[in-house]
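Notes follow the structure.
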Amino acid sequence: MISIIGAGPAGSAAAYLLAKAGKDVTIYEEHESVGEPVQCTGIVTSSFSKLVKVRREFLINKIKDARIYSPDRKNILIKMKKPNLIIDRWAFDNYLADKAESAGAKLKLNSRFMGFSKNAVVIKDKKNKKMAAARSNIIIGADGPLSSVAKSTGMFGAREFMTGVQAIAHLENDNAIEFYPYISTFGWVVPENDRKVRIGVLGRKNTVAEFKKLLRIKGLKENSIIEKQGGIVPIYNNRLRTYSEYGNKKIYLIGDAACQIKATTGGGIIQGLTAAKCLADSIIYNRDYEKEWRKKLGRDLWLHLAARRVMDRFSYNDWNRIVRIFCKKKNKEILEGFDRDYPSRFFLRLALQEPRLWQFVRKLI
Ligand SMILES: Cc1cc2nc3c(=O)[nH]c(=O)nc-3n(C[C@H](O)[C@H](O)[C@H](O)COP(=O)(O)OP(=O)(O)OC[C@H]3O[C@@H](n4cnc5c(N)ncnc54)[C@H](O)[C@@H]3O)c2cc1C
């Protein structure tokens, strides 16, 4: 029996693949419904469609243009060859959970993972305030950044986090994504349609103040804000374990619970879905999960982390210079053609083509 803790995208995707392969799967979700509260912008690159069939029920927008801003208000306009997709996280999480259930997985809501007993997981039924033990020999922690499964098995480690603050707001726009890499750790404006945007900031400190700074840049007042959201984002750490054994039970972590998230932008949907596929294949075909996901994601997640460390040392002046470097046609073309989820496919080409970038890489040392 397989117990999956958490009905986010990573948990439900793993449940679907395992149930489809005939495994006995139960998902335990602590909330009374799937997909709430929404704590995500929902922007994904075109690679998303290699993992999931894109459906109207969760697709909100497709965007081909992106602008990257520098502190001196210059920007590079990137015309992406393949559009980014904007998805509705509530609808997407529910779509995946429904798919898992249709494939035979059981979904138990209001069910919080509390820990382990000898050969079972201990689940608290939040409605009836009762504890129950569910026998399982495989436990998958897909329970997000503060993973209780990771904590109960000594896999939590010394994680670091960033905070995301975002709002949905009325704002007329020209359907271009805006990136503000110099605001806090990262700021963004993502159109839902030509009158509404998702605007947010990811940071380690003073995130609310930085968020207000972005609102001011966009001329947004409190009365334009429809809804405010927030959440935490774990920073990738290649030393964290994602597999352990507890008695006769095998325990795995996926998605945010395993910190499989891009340290540059805080994006983790594609990474969580990829890890879910690696894990399902590893269980079905008896492979080494750690090896499988590191093969697929490890190098790119490490590059994102290295880029984050470099960017954390940037001054405003560095950002002004880098935006100018990327305005150069040849450099821009690389950004337009490649997928930011997989920097290993373009970092080297870019670095060889533009030697000025090495002066920034030196900041890592
Ligand atoms: C403000 C913000 C904006 C973001 N924007 C983007 C974006 O635009 N694009 C992108 O790719 N990523 C984005 N992310 C990151 C993205 O949201 C995560 O990477 C993604 O949700 C991870 O999916 P997951 O299934 O691993 O975990 P989650 O989505 O966190 O799901 C975990 C599930 O486990 C449940 N759970 C937790 N503890 C327990 C327990 N003890 N028992 C039972 N259930 C439990 C939770 O209720 C939840 O349903 C953003 C994050 C933030 C904070």
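Taken together, the values in this text are just the output of simple stated rules run on the coordinates, not laboratory data. These figures come from a predicted structure and were not determined experimentally. Every residue, glycine as well, gets a Cβ built from its backbone with ideal geometry; the counts of neighbours run over all protein chains shown.
Remarks
- For a label point 7 Å along the Cα-to-beta-carbon line of Ala351, residues of the range 266-295 with backbone N under 13 Å: none
- A Förster distance of 22 Å, applied to the separation of the beta-carbon atoms of Arg309 and Asn206, puts the FRET efficiency at 0.65.
- Between the helical axis of 9-20 and the longest alpha-carbon principal axis of the chain there is an angle of about 50 degrees.
- Note on Lys130 and Lys106: with the Förster distance fixed at 25 Å, the Cβ-Cβ geometry gives a FRET efficiency of about 0.90.
- Residues whose amide H falls under 5 Å from that of Gly115, counting only those 5 or more places apart or on a different chain, are Val122, with hydrogens built in the peptide plane.
- Lysines whose Cα lies under 16 Å from that of Lys205, excluding same-chain neighbours fewer than 8 positions away: Lys213
- Between Arg195 and Glu172, residue separation times 0.36 nm minus the direct Cα-Cα distance comes to 7.9 nm.
- With a cut-off of 12 Å on the backbone N, the residues of the range 136-160 near the modelled label site 7 Å out from Asn119 along Cα-Cβ are 136-138.
- Ranked Trp188, Trp293, Trp302, Trp358, criterion: other C-beta atoms within 10 Å, fewest first: Trp358, Trp302, Trp188, Trp293
- Shape call, the range 313-364: gyration tensor on alpha carbons, a/c limit 1.5: prolate
- For the pair the range 291-365 / the range 156-225, the C-alpha centres are spaced 22 Å from each other.
- As a calculated quantity, the FRET efficiency between Asn248 and Gln39 at R0 = 35 Å, using C-beta atoms, amounts to about 0.50.
- Reachable lysines, given that their alpha-carbon falls under 23 Å from the alpha-carbon of Lys106 and they are not under 8 places away in the same chain: Lys20, Lys23, Lys53, Lys118, Lys124, Lys126, Lys127, Lys129, Lys130, Lys249, Lys250, Lys277
- Acute angle (nearest 10 degrees) that the helix 316-327 long axis makes with the longest principal axis of the chain, alpha-carbon atoms: 80
- Shape call, the range 1-45: gyration tensor on alpha carbons, a/c limit 1.5: oblate
- Built amide H within the under 5 Å cut-off of Ile27, gap 5+: Ile4, Lys106, Leu107, Lys108
- Using a simple spin-label model with pseudo-atoms 7 Å out from Cα toward Cβ, Cys327 and Met1 lie 6.4 nm apart.
- DSSP bridge orientation in the chain - percent antiparallel, rounded to nearest 5: 75
- Sequence of Leu202, Leu59, Leu348 once ranked by neighbouring C-beta atoms within 10 Å, starting from the fewest: Leu348, Leu59, Leu202
- Degrees separating the helix 269-284 axis from the principal Cα axis of the chain, which is the longest one: 30
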